[in-house]
Amino acid sequence: MIDIDSNILRTIDCSFEDFFTSSNNPGLVYGISYKGTVIHSGSFGSRTLLPLQAMEQDSISRIASMTKSFACAAVLQLRDRGLLDINAPLSSLVARLPLAEQFKTASLRDLMAMRLDLPVDDPWADRLLGASDSTLESYFNTPLLRAGVGSSTCSYSNISYMLLGRVIREVCGQPAMEYISEQILLPLGLHDTVWNVSKAHQARQAAGYRVDTMPQQEEQHFECQSDGVVFGGLWSTIKDLAVWLEFLRAGDSGIPSWETVLSKESRRELWQPYSWYPTRTERSLITAQPITSKAHYGFGLVIHTILGADYIAHSGGLPGYGSHMRFDPVSGLGVIALGNGTYCRAAAPCASALHHLALSCESPLLTRFDTVIQMGYKVAEFILQGAVEVRPDLFSYNVWQDTRPDSFARETRDTIAERQGEIRVESVACISGYEGEIVFTGSATRKKLSYTLAPIAPPRVQSIAWVADQAR
């Protein structure tokens, strides 16, 4: 079992409490998992308001779009059993079902990876959770709008997953809900992960509420009845989801029988990048330093790449519910949160919690981050001194062979001399596990310096270069 600093756990608890206090959700339950087991949890508020009943660790709540990874696991299972080709056009898999032209030529891979250039359809789709198969079939053959982002960019599409559920039925000959329950949920022992809450679960069921009304108004309850519900219909608990995260992680701690459900290789396929989101720069949740973050969509999962390391996640949202799950495939740590307010956006506290856990466990990700930043400040100090020296403690042997010392010194003097030396370090940013940028600010200009680290320990700078001036 992993040993986590109690101060880190208190910080995480406070983060979730602050989120709950400011979110207006009736209730929230969260858990930290390690290799399939909940090792720490907390809850706030109520799972029902009339009568007033507390949210607890075993409360069962809707997980909405987190359902998508279960559907994709079923598709890969069918593929591995030789029953379908995920690269074949859909028209060959559901030949009897009339389809819009975009769907006819698309593949299952396109559906699962959100690569159909369709508009993001959450508000429209969420109210269709209780729709019948015949209602959904009428939409599959309706002309589709394009989002205009192209086929390589992720454009989040629930209707694509509704059709995915119908494909599962056509291929296996039974309703998608039934197939996923029998072939995925039950073999993994996920007895609290269900499509419709039974009498046995009702004593722990969280009711869903609107958060834009006071008092909070209970939302319409949708019963799952069609194949299309694979886009977001499951209920679950943090305990079951901890097992699911470890199953997805496909690490060495898995139960041998899991291989008969889906091989490790196929499970890892679920969180490979197939479509991309635009790159963005954001502040580290721990150090407040700027970092570059990238995200891709896999098969029912989002891959967040931060400083060269991947975190795997997915959120869920429906009228009355919101959820988030996130795990580190290297350490086996995960964070799960379930709320019973409409679109409870629990991604931020979950991301913060996983960052703090990585820090507690001396994650290689944060070690690389700290190293790049620390070296950046050393380089900045060196630049402000205005001299070019060999400095073997800072620079690799090749630096002054690849970069002419005289020209670098001249450009450095010009930078420092600007406005009689009135220049300061604005920021040191980590771009990846070995790349950084330093921004110097003067009275009228900004000057940026890029640097990279050599592959040999201890860390040394292997390249250094000024970037073109930027007017303020």
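The values are calculated or read from the model by the stated rules, or taken from the named source; none is laboratory data. The shown structure was predicted, so the numbers you read here are calculated from the model rather than taken from an experiment. Using ideal geometry, Cβ is built from the backbone for each residue, glycine included, and neighbour counts are taken over all protein chains shown. Just so you know, the surface numbers come from the protein's heavy atoms only, side chains and all, with ligands and any DNA or RNA stripped out. Shrake-Rupley method; radii C 1.70, N 1.55, O 1.52, S 1.80 Å.
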Let me spell it out: the conditions are (1) over 22 Å from W235 (Cβ atoms); (2) without any contact (Cβ under 8 Å) to a residue 40 or more places away in the chain, and S15 meets all of them except one. Which number is the exception?
(2)
Please state which of the following conditions G148 fails to meet, knowing it meets all the rest: (1) open to solvent by less than 50 Å² (accessible area, probe 1.4 Å); (2) on the phi > 0 side of the Ramachandran plot.
(1)
Does at least one position in region 190-197 carry a residue that is among the hydroxyl-bearing types (S, T, Y) and modelled with pLDDT under 95?
no
If a residue must be assigned to a helix (DSSP H, G or I) and either open to solvent by less than 40 Å² (accessible area, probe 1.4 Å) or among the β-branched types (V, I, T) (or both), how many such residues does region 21-56 contain?
2
Is one or more of the residues making up region 263-270 open to solvent by 30 Å² or more (accessible area, probe 1.4 Å) and at pLDDT below 95?
no
Based on what the data block shows, is R204 within 18 Å of M66 (Cα to Cα) and either surrounded by fewer than 21 Cβ atoms within 10 Å (Cβ to Cβ) or modelled with pLDDT under 95 (or both)?
no
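For region 130-141, which residues satisfy the criterion of being part of a helix (DSSP H, G or I) and either under 19 Å from Y297 (Cβ atoms) or open to solvent by less than 20 Å² (accessible area, probe 1.4 Å) (or both)?
L136, F140
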For L97, state whether it is open to solvent by 20 Å² or more (accessible area, probe 1.4 Å) and among the hydrophobic types (A, V, I, L, M, F, W, C).
no
Can you name every residue in region 7-20 that is open to solvent by 10 Å² or more (accessible area, probe 1.4 Å), over 17 Å from A206 (Cα atoms) and not charged (D, E, K, R)?
N7, I8, L9, T11, C14, S15, F19
Here's a check for you: in region 394-408, which residue that is at pLDDT 90 or above and in a loop (DSSP other than H, G, I, E, B) is surrounded by the most Cβ atoms within 10 Å (Cβ to Cβ)?
S396
So which residues in region 185-201 are surrounded by fewer than 21 Cβ atoms within 10 Å (Cβ to Cβ) and part of a helix (DSSP H, G or I), if there are any at all?
K199, A200, H201
Leading residue by the ranking (farthest from A454 (Cα to Cα)) among those in region 329-376 that are open to solvent by 20 Å² or more (accessible area, probe 1.4 Å) and either at pLDDT 90 or above or part of a strand (DSSP E or B) (or both)
T342
Residues in region 57-67 that are surrounded by 18 or more Cβ atoms within 10 Å (Cβ to Cβ) and either polar (S, T, N, Q) or assigned to a loop (DSSP other than H, G, I, E, B) (or both): how many?
5
Qualifying residue in region 251-259 (condition: touching a Gly at 6+ places or on another chain (Cβ under 7 Å) and not in a loop (DSSP other than H, G, I, E, B)):
no
Quick count over region 429-461, residues being in a loop (DSSP other than H, G, I, E, B) and either under 21 Å from F408 (Cβ atoms) or open to solvent by 40 Å² or more (accessible area, probe 1.4 Å) (or both), is 12
Leading residue by the ranking (nearest to G317 (Cα to Cα)) among those in region 80-94 that are surrounded by fewer than 24 Cβ atoms within 10 Å (Cβ to Cβ) and touching a residue at least 24 places away in the same chain (Cβ under 8 Å)
I86
Among the residues of region 206-224, is there at least one that is part of a loop (DSSP other than H, G, I, E, B) and closer than 29 Å to S432 by Cα?
no
If S236 satisfies all but one of (1) closer than 22 Å to A131 by Cα; (2) hydroxyl-bearing (S, T, Y); (3) more than 22 Å from the chain's Cα centre (by Cα), what's the number of the condition it fails?
(3)
Exactly one of A113, A125 is touching a residue at least 40 places away in the same chain (Cβ under 8 Å), buried (at least 21 other Cβ atoms within 10 Å of the Cβ) and farther than 17 Å from G298 by Cα, and that residue is A125
Breaking point among (1) open to solvent by less than 10 Å² (accessible area, probe 1.4 Å); (2) closer than 26 Å to D414 by Cβ; (3) at pLDDT below 90; (4) hydrophobic (A, V, I, L, M, F, W, C), for V379
(3)
Turns out the helices (runs of 4 or more DSSP H) fully within region 84-129 with at least 3 residues that are of a type in the set (F, W, Y) and under 16 Å from E269 (Cα atoms) are none
Would you check if there is a residue in region 142-157 being touching a residue at least 60 places away in the same chain (Cβ under 8 Å) and in a helix (DSSP H, G or I)?
no
Residue list for region 128-144, filter: touching a Phe, Trp or Tyr at 6+ places or on another chain (Cβ under 8 Å) and more than 15 Å from G165 (Cβ to Cβ):
L144
For residues that are open to solvent by 10 Å² or more (accessible area, probe 1.4 Å) and within 14 Å of C72 (Cα to Cα), tally how many sit in region 157-170.
2
